[in-house]
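Student: First the structure, which I've put down as structure tokens, then a few questions once you've had a look.
What follows is calculated from the coordinates using simple rules that are stated; it is not laboratory data. Predicted model only: the values in this text are computed from it and were never measured. Ideal geometry is used to build each Cβ from the backbone, glycine not excepted, and the neighbour counts take in all protein chains shown.
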Amino acid sequence: MILKGKTWKFGDDISTDHIAPGRYFHLRSNLPELAKHVLEDADPEFAQKMNKGDFVVGGNNFGLGSSREHAPTIIKLAGVSAVLAKSFARIFFRNSINVGLPVIVCDTDKIDAGDELEVDLQKGTVYNKTKNITLTFPPLPKAMTNILNDGGLVAHLQKHGDFVID
């Protein structure tokens, strides 16, 4: 699976509160509406200006804070194809895979806002078309890519049942 899009760059310590602002707590049962406010506290114009397929690029500790799965869900619903960061909060990383949002651990220092990327999840490469450089990352384990390919953990379990060993 090759993903293509433009980057939106954020720094270190982007929390789930930056991603899903608490003042919109009342929208948690209307996730498409909540997605209109995704990352609003980190970049007030992000949700209105990003295009389907774009990438969110962070620094260290992306997704820290509460374990609510609303955060990766609304990133996915907004149309983001993947999140790339130097490191992720453990629960955010797992929640992202569970909802079908690819998360990639890689060195993001050579990626700037607006760069055009091609990400190959199987090969573990990020080709920065803007800078003509290729970055590598450890490809996700097959079990995780199977979950992503099926659209998330619930869809994966509905398709394969409770115990699938691949």
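Student: Could you give the dipole magnitude of the chain about its Cα centre, charging the beta-carbon of Lys and Arg +1 and that of Asp and Glu -1, in debye to the nearest 20?
Tutor: On the way: 19 positive and 20 negative charges, 52 e Å.
Value, rounded to 20: 260 debye.
Student: I'd like to know how segment 100-166 sits against the 2.2 N^0.38 Å rule of thumb: what's its Cα Rg over that expected value?
Tutor: 1.35
Student: Now for a different question. Taking the highest mean first, how do the peptides 84-91, 130-137, 38-45, 152-159 order by number of other beta carbon atoms within 10 angstrom per residue? Show your work: numbers first, answer last.
Tutor: Values: 84-91: 19.5, 130-137: 13.6, 38-45: 18.0, 152-159: 15.1.
Packing order, densest peptide first, comes out as 84-91, 38-45, 152-159, 130-137.
Student: Could you check the simple spin-label distance between residue 45 and residue 113, using points 7 Å along Cα→Cβ, in nm with one decimal?
Tutor: In this crude label model, residue 45 to residue 113 measures out at 0.8 nm.
Student: Let me ask something else. For the chain, what percent of Cα pairs sit more than 26 Å apart?
Tutor: On the way: 3132 of 13695 pairs.
In whole percent, the long-distance tail amounts to 23.
Student: What number, in percent, do you get for the relative contact order of segment 68-156 if the mean sequence gap of Cα pairs under 8 Å and at least 6 apart is divided by its residue count?
Tutor: So the answer I get is 26 percent.
Student: Placing +1 on the Cβ of each Lys and Arg and -1 on the Cβ of each Asp and Glu in the chain, which of 145, 125, 95 has its Cα farthest towards the positive end of the resulting dipole?
Tutor: 145
Student: Amide H to amide H, which residues 5 or more places from residue 58 or on other chains are under 5 Å from it, using H placed in the peptide plane?
Tutor: 10, 84, 85, 86
Student: Then there's this: Evaluate the distance, in nm, between pseudo-label points positioned 7 Å from the Cα of residue 1 and of residue 136 along their respective Cα→Cβ axes.
Tutor: A separation of 2.3 nm, rounded to one decimal place.
Student: If you average the sequence gap of Cα pairs under 8 Å that are 6 or more apart and divide by the length of the chain, what percent do you get for the contact order?
Tutor: Value for the chain: 23 percent.
Student: Return the distance in nm (one decimal) between the two label points of a simple spin-label model at residue 33 and residue 162, each offset 7 Å from Cα along Cα→Cβ.
Tutor: Taking the two extended label points, one gets 3.7 nm.
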